[in-house]
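Report on one structure; see the data block that follows.
The values are calculated or read from the model by the stated rules, or taken from the named source; none is laboratory data. Source: prediction; values computed, not measured. Note: ideal-geometry Cβ built from the backbone for every residue, glycine included; neighbour counts use all protein chains shown. Surface accessibility is based on the protein's heavy atoms, side chains included, excluding ligands, DNA and RNA. Shrake-Rupley method; radii C 1.70, N 1.55, O 1.52, S 1.80 Å.
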Amino acid sequence: MATMSLAAASPLASTPRGLAVSTPRTAFLGLRTGGASLAPFPGLAAAAAPPRLPAGRGDAAVARMAKREQELEEIRAMPTEKIEEEVVDLKGELFMLRLKRSARQEFKSSEFGRMRKRIARMLTVKREREIEQGINKRLSRKLDRKWKQSIMVRPPPSLRENKEE
């Protein structure tokens, strides 16, 4: 069985001795400094270019971002009490979705993420307002505990609508 030494496998030893090499004799063949072009390294040239979205996908991303900004403006326009009520209602809806999933009833799985994100946005706006008022993190957590204990358990809006009908 033939054995190969490490010297024979190195890129330095693979150059024939009779040829002059213009590059420095190092094993590192990475990026060159001094504004050298990345063209000799096709993998690096592609990595250096900014990523491009496929045609048609950029428009959808911009539309989603605009919709999210619009939703944030709506949330910021609400008073804090209304935000708290909305959070309680959304958490009730999230609970109902979990019940539907466990009972193997029909439901939209995308609603989980949509509701969780909406709750997170509302709680973020609530926390932004607390920061503006100068409420520190510790006091905020204490107020959150008091608020959660004061919540009156009520059916989510979807069940209230069904009872009224």
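With respect to Ser102, is the statement that it is open to solvent by less than 60 Å² (accessible area, probe 1.4 Å) and more than 20 Å from Glu71 (Cβ to Cβ) true?
no
For Glu93, which of the numbered conditions (1) modelled with pLDDT of 85 or more; (2) out of contact with any Ser or Thr (no Cβ under 9 Å at 6 or more places or on another chain) fails to hold?
(2)
Of all the residues that make up the stretch 72-88, how many are free of Cβ contacts under 8 Å to residues at least 24 places away in the same chain and farther than 19 Å from Arg114 by Cβ?
4
Residue under question is Glu84, and the condition is that it be surrounded by 13 or more Cβ atoms within 10 Å (Cβ to Cβ) and at pLDDT below 90; does it hold?
no
Is it the case, given these coordinates, that Val125 is among the β-branched types (Val, Ile, Thr) and under 22 Å from Leu159 (Cβ atoms)?
No: the conditions fail for Val125.
Any residue that is in a helix (DSSP H, G or I) and either modelled with pLDDT of 90 or more or among the hydroxyl-bearing types (Ser, Thr, Tyr) (or both) - is there at least one of those in the stretch 62-69?
no
Can you name the residue in the stretch 106-165 that is assigned to a loop (DSSP other than H, G, I, E, B) and among the polar types (S, T, N, Q) and is also nearest to Asp89 (Cα to Cα) among such residues?
Within the stretch 106-165, the match that is nearest to Asp89 (Cα to Cα) is Ser150.
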